[in-house]
1. Where a ≥ b ≥ c are the square roots of the eigenvalues of the C-alpha gyration tensor, would you call segment 122-266 rounded, which needs a/c under 1.5, or, failing that, prolate if a/b is larger than b/c, or oblate?
2. Using a Gaussian network model on the chain with a 10 Å cutoff between Cα atoms, which of Gly14, Gly151, Gly54 fluctuates the most?
3. Can you sort His171, His232 from fewest to most other Cβ atoms within 10 Å of each residue's own Cβ?
4. In which sequence would Phe121, Phe136 go, from the one with the fewest C-beta neighbours within 10 Å to the one with the most?
5. Helix-only estimate, please: 222 nm mean residue ellipticity of the chain, summing -39500 (n - 2.57) across DSSP H runs of length 4 or more and dividing by its residues, to the nearest 500.
6. Sequence gap at least 6, Cα distance under 8 Å: using those rules, report the relative contact order of the chain to the nearest whole percent.
7. Among Tyr162, Tyr7, what is the fewest-to-most ranking by other Cβ atoms within 10 Å?
8. Want the number for Asp168 to Ser224: 0.36 nm per residue separation, take away the alpha-carbon distance, what's left?
Amino acid sequence: MLSASQYDEFERTGLLRLPGAIPDVAAMCDRIWDHLLEERGISRADPATWPADGRMSGLRGVGRHGELDRIGSSILRAALDGLLGKGRWLEPRTWARLLLTFPNRESVEWDVPLGAWHNDFIPFQAEAGLRAVQLFALLNEVRPQGGGTLGLRGSHRLVAKYADPAGDGPHPRELRRDMGSAHPWLRELWRGGSDSVCDRTQRFMVEGAVLDGIPVRVVELSGSPGDVFLMHCDTFHVAAPNCLDQPRIMATNVISRERARNPGPI
């Protein structure tokens with residue numbers, strides 16, 4: 001069960017961390033590494049076998065292994081009950097869509113990324129309220145600048161202001177256009193500029209901004225094995241490079257609220 005302060009944090013920031021929410025993540029990591037060795041020849045003990053650009057895709061098979069179903073722990077389920085309503089959210093077919101980012105040997109220095117910032121399109125529902133939550137489960141230690149996803153705290157509240165309530169949902173491209181036109185801070189975060197020489201980490205992760213009365217700041221999803229971050233579905237986020245010496249191993253999924261059913265004939 002979530003506390004009042006946890007509800008408040010999620011409402012204000014669009015993010016909530018659940019420390020140690022998943023048990024026995026070491027066994028999950030072992031299974032992932034076994035799969036990588038068997039299917040790709042990628043060895044945990046030999047960084048020379050890791051992809052040089054850090055990117056890895058095609059991991060749906062390992063996500064279906066039973067060990068990873070433990071991501072749906074009692075702690076996580078209770079938190080989803082609190083945010084989406086008990087019995088009101090849809091059980092996923094699999095709890096794990098893997099996010100695996102190896103150290104990028106081609107990059108020189110970590111920085112706040114440009115370009116790929118987005119929110120996930122989740123259609124509006126007839127019933128008001130939170131439509132979905134995206135979870136990010138840390139299966140190994142994720143240190144700062146080690147590939148953890150970046151989220152823009154408070155951005156879900158801006159989306160609520162700028163999304164067309166008469167439309168079918170908050171479209172990322174339209175929101176970026178409209179919100180970026182209204183706020184140079186966002187435009188610089190997303191697009192930069194030829195004359196921009198600012199320290200992006202200082203400007204966007206330390207200083208932040210207040211836009212339309214809403215505090216916003218870029219945060220990095222980092223922490224200990226077994227931690228879970230829950231993110232409001234309208235929160236803007238982006239993948240980040242891994243400039244450390246160990247892979248980032250996360251699992252993600254979008255958990256949606258069940259649509260209200262139409263009443264039958266009376």
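All of the numbers you see were taken from the coordinates with simple rules; none came from a lab. Given the structure is predicted, the values throughout are model-derived calculations rather than measurements. Heads up, the Cβs are rebuilt from the backbone with ideal geometry, glycines too, and the neighbour counts pull from every protein chain shown.
1. Details: a/c = 2.71, a/b = 1.26, b/c = 2.14.
Because a/c hits 1.5 or more and a/b fails to exceed b/c, segment 122-266 counts as oblate.
2. Sorting by GNM fluctuation, first place goes to Gly54.
3. Working: His171 15, His232 26.
In order of increasing Cβ crowding within 10 Å: His171, His232.
4. Phe121, Phe136
5. Values: 7 runs with 68 residues, N = 266.
Computed mean residue ellipticity for the chain: -7500 deg cm²/dmol.
6. Values: 503 pairs, mean separation 92.5, N = 266.
Relative contact order here is 35 percent.
7. On the way: Tyr162 17, Tyr7 13.
Ordered by Cβ neighbours within 10 Å, fewest first: Tyr7, Tyr162.
8. Working: separation 56, 0.36 × 56 = 20.16 nm, distance 3.77 nm.
Answer, rounded to one decimal: 16.4 nm.
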